[in-house]
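The numbers here are math on the coordinates, done by the rules we state, and not lab data. From a predicted model like this one, the values you see are computed outputs, not experimental measurements. Cβ atoms come from the backbone with ideal geometry, glycine included; neighbour counts cover every protein chain shown.
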Amino acid sequence: MTSYSSQPGDARAYSEEARLSVLASYDILDTPPDSAFDEITELAALLCDTPIAVINFVDRDRQWFKSEKGLGIKETPRDISICAHVILQSELFIVPDTHQDPRFVCNPLVTQDPPLRFYAGALLNSPDGLPLGTLCVLDHRPRELTEKQQVALTTLANQIMKNLELMRIQQEQASLIQQLQFAQQELIHLAATDPLTGLYNRRAFEERLSQEQSLIQRGRAPAALMLMDLDNFKVINDDFGHEAGDKVIEHFASVCKKVFRQADVIGRWGGEEFVVLLPGTTETDACQAAQRLHQLLAQSQIEYDGNTALSITVSIGLCSLSKDCPLEEALRLADELLYQAKDQGRNRTVTR
């Protein structure tokens, strides 16, 4: 099993940029300590009978230690890294005595007190064969590893890579789940939204209305309900075309968003009809909101086709949604009041 180099040679050919890209894909650099890795360094030191064991990854300009025992530092510059030499080799790399190796005899880690005299490193290879770092053991005295210790060190290095692969798969799965959840939220939003205005569509509004009615039945304060219809909308469509009609609808929705509260629910009931639910609002307060809507519409115009300025008004039927008024009855009443507003000349709000 002994496979080591005490002299330069056996350099591996690979793209350094490709190696760094694969290393980055594991998202392991500068992560917090992890007991799964710490247990491996403890075991490596125990099996190889060394005071020092390190799991390190060789970055562009440094070697960074995911786990270390007996060294007391988290990284070193790459230019003094013994492990940077290991990733150029193909198998287990052993230096029995660094003082006898010309590559390391002047290394600050070797000349320090106490010096690092012995080194053995097993490669951390990605599945496509790119060296990312090493699991290494070190000692302050020259020595050798038995064949069993070499096998153990290599096996532990393989286990580290399996842990990394598992972590990456878990990260990819978490990212995929997040994407699926986002897509699901988008689908839910699209299913509940009118595509032209971004308001609730009729189905979604009816669901929200039913929820509010249930809350009111359980003691929540009554709400106000407005049914609104754009005045003379057919004329705009006939005279200027459907594109102008769409602009009018978009403009009206934008004005509604300015007038009503964030807690209020605005929906497109169909065509040029809109509906608003105002939770916890009296008819008096809702009438004031309706008047603000009339005023803001009167103050605004819609520019169309560069030259044409369109103005719009709205007729509104307004009633209360309470315990004593079933949902179907409230909708019927709001519709009746809306038609009264139109019969009385449009551009007004009618209540009971």
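Structure note, pairs 69/148; 258/323; 74/148; 66/162: Cα-Cα distances above 23 angstrom occur for 258/323; 74/148. Calculated FRET efficiency, residue 238 to residue 284, Cβ-Cβ distance, R0 = 56 Å: about 0.90 to the nearest 0.05.
Listed by chain and number, the aspartates and glutamates whose C-alpha is less than 17 Å from the C-alpha of residue 247, apart from same-chain residues fewer than 8 away, are 194, 229, 231, 238, 239, 272, 273, 303, 305. Is segment 180-306 rounded, prolate or oblate when judged by the Cα gyration tensor, a ≥ b ≥ c being the square roots of its eigenvalues, rounded requiring a/c under 1.5 and prolate requiring a/b larger than b/c? In terms of gyration-tensor shape, oblate.
Rounded to whole numbers, the Karplus 3J(HN,Hα) couplings from phi for segment 18-27 are 5, 4, 5, 5, 5, 4, 5, 5, 7, 6 Hz, using 6.51 cos²θ - 1.76 cosθ + 1.60 with θ = phi - 60°, and x at Gly and Pro. Calculated mean residue ellipticity at 222 nm for the chain: -14500 deg cm²/dmol, from DSSP H runs with n ≥ 4 weighted as -39500 (n - 2.57), summed, divided by the residue count and rounded to 500. When the chain is treated as a GNM with alpha-carbon contacts under 10 Å, the residue of 183, 286, 263 showing the greatest mean-square fluctuation is 263. Extension gain for residue 144 to residue 299 (0.36 nm times residue separation, less C-alpha to C-alpha distance): 46.8 nm. Residues of segment 318-352 falling in the label zone of residue 196, defined by backbone nitrogen less than 20 Å from a point 7 Å along Cα to beta-carbon, are 347. Antiparallel versus total DSSP beta bridges in the chain: what percent is that, nearest 5? Of those bridges, close to 90 percent are antiparallel.
Computed from label points 7 Å out along Cα-Cβ, the spacing between residue 342 and residue 257 is 2.7 nm.
Think of segment 122-268 as having a plus end and a minus end, set by charges on the Cβ of Lys, Arg, Asp and Glu; of 267, 160, 255, 160 sits farthest toward the positive end of this dipole. Taken one residue at a time, the phi angles of segment 292-299 give Karplus couplings (6.51, -1.76, 1.60, θ = phi - 60°) of 4, 5, 4, 5, 5, 5, 5, 8 Hz. Gly and Pro are set to x. Mean separation of Cα pairs under 8 Å and 6 or more residues apart, divided by the residue count, gives segment 290-340 a relative contact order of 29 percent.
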